[in-house]
Amino acid sequence: MNKEWKPRIVAFFCNWCTYTAADLAGVSRLKYAANIRVIRLMCSGRVDPQFILDALSKGADGVLIGGCHPGDCHYVEGNYKLLRRFQMLKRMLKDLGIEEQRVRLEWISAAEGEKVKRVVNEMVGQVQKLGPLGIPQKFEEWDKEMEHFATQVAEKDAACACACAERDKPALATA
Amino acid sequence: MMKQQANGEIRIGFYICHCGHNIAAMVDCPDVAKYVEKLPGVALSRDYKYMCSDPGQELIQKDIREFKLNRVVVASCSPLLHEHTFRGATEAGGLNPFFFHMVNIREHDSWVHTDRKEATEKAKALARAAIERVAYHQALEVKRVPIHPDVLVVGGGIAGIHAAMTLANAGKKVFLVEREPSIGGHMAKFDKTFPTLDCAACILTPKMSAVGAHANITLWSYSEVTKVDGYVGNFTVTVKRKPRYVNEDLCTGCQECIANCVYKEPKFADEFNEGLGKRKPIYISFPQATPQVVLIDPEVCLNFKRGTLTDKCKKTCVEACGEKKAIDFKQMEEIKEIKVGTIIVATGFQTFDAKRIPQYGYGIYPNVYTSLEVERLVNASGPTGGEVMLRDGRHPKAIGIIHCVGSRDKKTNRWCSRVCCMYSLKLAHLLKEHTEAEIFNFYIDMRTPGKSYEEFYDKLLEEGVHFIRGRVGEVTDWAMTPEEEGKLVLRVEDTLAGFVRRIPVDMVVLATGLEPQADAQAVRRMFNMSCGSEGFFLERHPKLAPVNTFTDGIYLAGACQGPRDIPDTVAQAGAAAAEAMVLIDKGYMEQEPNTAYVLQEECSGCKSCIPLCPYTAITFDEVKEKASINEALCKGCGTCVASCPSGSIAQRLFEDDEVFSEIKGVLAYE
């Protein structure tokens with residue numbers, strides 16, 4: 001890992017609160033880490049757990065989800081629906097061995113530009129400490145490992161076939 | 001990939017905007033354009049100084065025709081600002097407007113980052129995501145929702161009154177709902193208005209009675225909105241009408257009942273006079289109250305006990321009312337449900353609670369008053385009939401007015417309340433006129449921006465009112481000299497003279513600032529609005545959409561959006577009324593076609609999605625055994641899409657393919 005490594009964080013922000021808050025952060029010229037890439041969705045309720053897993057598997061080191069505060073959802077309760085899914089996903093991520101700090105859910109209202117700055121900087125700092133997640137590289141390693149096993153198994157099979165043949169030969173002879 | 005092929009050859013036009021220096025200073029725009037040029041599907045890539053300008057938009061249109069583009073991506077500001085503009089340009093070029101996608105590299109990139117290299121890299125990643133995504137875009141039709149022509153105005157202060165009158169005069173039917181027994185709001189309490197010294201009642205009461213008499217206005221005072229359902233063009237609003245125990249249709253406002261109440265003298269604190277005056281259990285808020293209908297306070301009326309009817313009073317009021325039979329002790333709370341197409345929220349402000357700054361002695365020393373109390377004291381129809389009298393009956397010889405109480409103060413409210421300097425000047429003038437006392441103004445900065453405001457300040461200087469620059473440290477009755485004995489002493493650092501002074505006065509006026517209403521958060525939730533960090537309702541755009549909210553069809557007027565004076569409030573109320581009329585006269589509103597739909601062949605009929613929809617847009621087709629979405633009801637949140645276990649619900653504009661390709665795109669750039 002070289003010293004210049006910078007984490008890559010994919011963010012899913014809801015259109016009404018957090019995306020607007022990020023716009024406000026811009027208008028207020030607040031400064032935060034440039035490692036974040038925001039994808040706009042209409043509601044945090046649209047965040048499919050697959051989006052998060054897909055981002056991690058494609059090379060994101062962390063995923064941030066931003067929605068309206070509970071009770072403030074533009075679509076009444078989309079953020080609650082996300083919260084349920086998020087709790088399940090967190091358990092799954094733990095089982096997968098992905099650190100908890102890599103996937104974060106934050107409620108950020110349209111007025112909280114300052115909070116966007118704080119959360120992004122905090123998260124970038126945390127993920128920086130954790131180091132790269134590197135799932136695409138792991139996929140490659142796993143593929144290589146599997147290939148290695150496959151060749152080993154094939155060799156063993158071949159060797160076994162020979163050995164069996166040899167073992168069977170004298171038996172035949174003695175008979 | 002299937003879809004991409006079905007769309008034919010993809011030819012994307014990419015444009016990166018310099019936005020003058022706003023973007024170009026932090027992002028190397030030509031470099032981004034060069035990077036994008038090589039991406040698959042990109043037919044053309046340009047950087048341009050101002051994409052939103054007419055030549056910028058024409059460039060897109062020309063390129064679409066010349067280079068046979070079928071997708072357009074613009075990297076510039078926030079889509080919340082200019083997505084509409086560029087969709088229009090795409091359409092004018094002959095494409096479906098939804099073949100466009102926007103990349104936010106200003107608010108989300110150049111304005112928030114400090115490293116040019118990193119910001120440029122980020123711009124490339126975001127641009128790549130859009131390029132990947134836009135290939136999947138489909139031609140879509142905009143949805144039109146009809147607009148119900150009636151309007152609800154919430155709050156009957158000057159903002160609500162003006163908005164309601166404007167709409168009613170244009171022939172629209174208006175429901176005006178006010179929480180207090182009478183409309184008029186804070187303005188009705190004022191004596192004179194700055195800088196012209198118009199009598200507030202003289203200019204307001206004709207408007208109030210016009211509201212009461214207008215055929216197009218349904219005025220519901222002493223009522224509260226309790227629930228708002230629906231969406232732009234089609235709101236269903238529930239209004240609670242609190243019982244006045246007086247039938248509004250039968251009461252003529254003769255007030256015989258008040259004169260004949262068993263309480264011979266007024267005994268209870270009068271809310272309208274800020275508690276300085278007294279009223280009876282049956283009362284009318286103020287002489288010009290609209291509607292001219294009395295009401296009974298069940299908490300103190302003898303015919304009730306703590307709000308519950310006991311029927312144990314002699315009921316002399318009923319006798320006095322006689323044939324009119326307007327008094328109805330059995331009146332119940334009434335729930336009304338109305339349908340409106342647009343809503344104007346004009347719920348106003350509250351004044352800062354001066355007790356929160358104990359060193360100024362409000363509530364401790366009886367001769368410390370708030371500005372609103374002094375408004376009532378100098379008012380001819382106030383509790384003292386306009387005679388400025390202290391609580392002990394003395395007339396003040398020296399008066400100190402402390403500015404910025406609960407304004408421009410990190411410990412309380414950080415914002416400037418905008419009106420206090422001017423109303424303090426006005427009160428200084430009125431107090432001087434009424435009492436000929438020495439008046440001291442203690443200010444941090446004099447803020448008099450407005451037509452004829454500075455001239456008014458000059459006039460006050462000539463009148464001999466004293467101005468001392470400095471924030472008052474404390475108000476105390478602790479005398480250090482015989483002259484200070486029995487007086488209130490203001491301790492202040494005179495920052496112009498450069499030393500600490502002690503000014504003894506008889507009366508202290510606290511120029512309290514303007515705050516969001518105590519229940520602003522609950523109101524905000526009900527109308528699905530946002531609040532700024534200080535708690536005032538948030539406008540859609542501080543400059544270009546100051547009366548719109550993030551919810552279509554809901555507009556803001558007056559001080560609920562931020563502190564402002566009467567002329568600004570009236571101007572804003574007119575603007576809000578105009579915005580509502582835009583929708584009503586157009587008759588429909590175009591909505592984002594981002595609705596969800598069910599892929600019929602894949603739906604397994606598990607019904608998981610049905611309880612998730614807050615708009616009951618999803619129903620179950622019992623015959624086909626599949627879910628079906630009513631797109632007229634769908635608001636496009638996409639919650640059902642994300643929750644479908646078999647992936648058989650999709651959302652237009654946010655298709656899975658589109659989001660996944662965006663994820664791929666933002667991560668593709670190293």
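The values are calculated or read from the model by the stated rules, or taken from the named source; none is laboratory data. On a predicted model such as this, the values are computed, not experimentally measured, just so you know. Glycine gets a Cβ as well: all are built from the backbone with ideal geometry, and neighbour counts include every protein chain shown.
A few points about this structure:
- For the residues B:147, B:158, B:183, the requirement of being among the β-branched types (Val, Ile, Thr) and more than 25 Å from residue B:242 (Cβ to Cβ) singles out B:147.
- The one condition from (1) more than 11 Å from chain A (Cβ to nearest Cβ); (2) within 24 Å of residue A:72 (Cα to Cα) that residue B:653 does not meet is (1).
- The residue list A:56, A:83 contains one member that is among the aliphatic types (A, V, I, L, M) and more than 23 Å from residue B:666 (Cβ to Cβ), which is A:83.
- Failed item, numbered, when residue B:102 is tested on (1) part of a helix (DSSP H, G or I); (2) closer than 29 Å to residue B:549 by Cα; (3) within 14 Å of chain A (Cβ to nearest Cβ): (1)
- Members of the stretch A:27-48 that are at the interface with another protein chain (Cβ under 7 Å from one of its Cβ atoms) and touching a residue at least 40 places away in the same chain (Cβ under 8 Å): A:27, A:30, A:31, A:32
- Selected residue (only one of A:96, A:56, A:30 is farther than 23 Å from residue B:594 by Cα, touching a strand residue (DSSP E or B) at 6+ places or on another chain (Cβ under 8 Å) and of a type outside the set (Lys, Arg)): A:56
- Residues in the stretch B:74-93 that are away from every other protein chain (no Cβ under 14 Å) and either in contact with a helix residue (DSSP H, G or I) (Cβ under 6 Å, 6 or more places away or on another chain) or in contact (Cβ under 8 Å) with a residue 40 or more places away in the chain (or both): B:74, B:87, B:89, B:90, B:91, B:92, B:93.
- Filter result (more than 24 Å from residue B:212 (Cβ to Cβ) and touching a Ser or Thr at 6+ places or on another chain (Cβ under 7 Å)) within the stretch B:239-290: B:260, B:261, B:262
- Qualifying residue in the stretch A:2-15 (condition: at the interface with chain B (Cβ under 7 Å from one of its Cβ atoms) and more than 21 Å from residue B:645 (Cβ to Cβ)): yes
- Any chance residue B:418 is touching a residue at least 40 places away in the same chain (Cβ under 8 Å), surrounded by fewer than 24 Cβ atoms within 10 Å (Cβ to Cβ), within 21 Å of the chain's Cα centre (by Cα) and on the phi > 0 side of the Ramachandran plot: yes
- For the stretch B:112-160, the set of residues classified as farther than 30 Å from residue B:288 by Cβ and of a type in the set (Val, Ile, Thr) consists of B:112, B:114, B:120, B:131, B:134, B:142, B:145, B:147, listed by residue number.
- Only residues that are buried (at least 16 other Cβ atoms within 10 Å of the Cβ) and more than 13 Å from chain A (Cβ to nearest Cβ) were counted across the stretch B:629-647, and they come to 1.
- Residue list for the stretch B:594-616, restricted to those being surrounded by 13 or more Cβ atoms within 10 Å (Cβ to Cβ) and either within 11 Å of chain A (Cβ to nearest Cβ) or in contact with a helix residue (DSSP H, G or I) (Cβ under 7 Å, 6 or more places away or on another chain) (or both): B:594, B:595, B:596, B:608, B:609, B:612, B:613, B:614, B:615
- Every condition in (1) of a type in the set (D, E, K, R); (2) free of Cβ contacts under 8 Å to residues at least 12 places away in the same chain; (3) touching a Leu at 6+ places or on another chain (Cβ under 9 Å) is met by residue B:564 except one, and the failing one is (2).
- Any hit, the stretch B:372-384, residues being within 26 Å of residue B:209 (Cα to Cα), among the aliphatic types (A, V, I, L, M) and part of a strand (DSSP E or B): no
- Flag for residue B:92 being over 15 Å from residue B:16 (Cα atoms) and either out of contact with any Asp or Glu (no Cβ under 6 Å at 6 or more places or on another chain) or at pLDDT below 95 (or both): yes
- Among the candidates B:579, B:625, residue that is surrounded by 18 or more Cβ atoms within 10 Å (Cβ to Cβ) and among the acidic types (Asp, Glu): B:579
- The stretch B:263-368 holds strands (runs of 3 or more DSSP E) entirely within its bounds, and those carrying 3 or more residues that are under 30 Å from residue B:147 (Cα atoms) and modelled with pLDDT of 95 or more map to B:334-340, B:342-345.
- Among the strands (runs of 3 or more DSSP E) confined to the stretch B:119-201, the ones with at least 1 residues that are in contact (Cβ under 8 Å) with a residue 24 or more places away in the chain, surrounded by 22 or more Cβ atoms within 10 Å (Cβ to Cβ) and within 22 Å of the chain's Cα centre (by Cα) are located at B:151-154, B:174-177.
- Inside the stretch A:51-67, residues that are closer than 18 Å to residue B:654 by Cβ and either modelled with pLDDT under 95 or at the interface with another protein chain (Cβ under 7 Å from one of its Cβ atoms) (or both) make up a count of 3.
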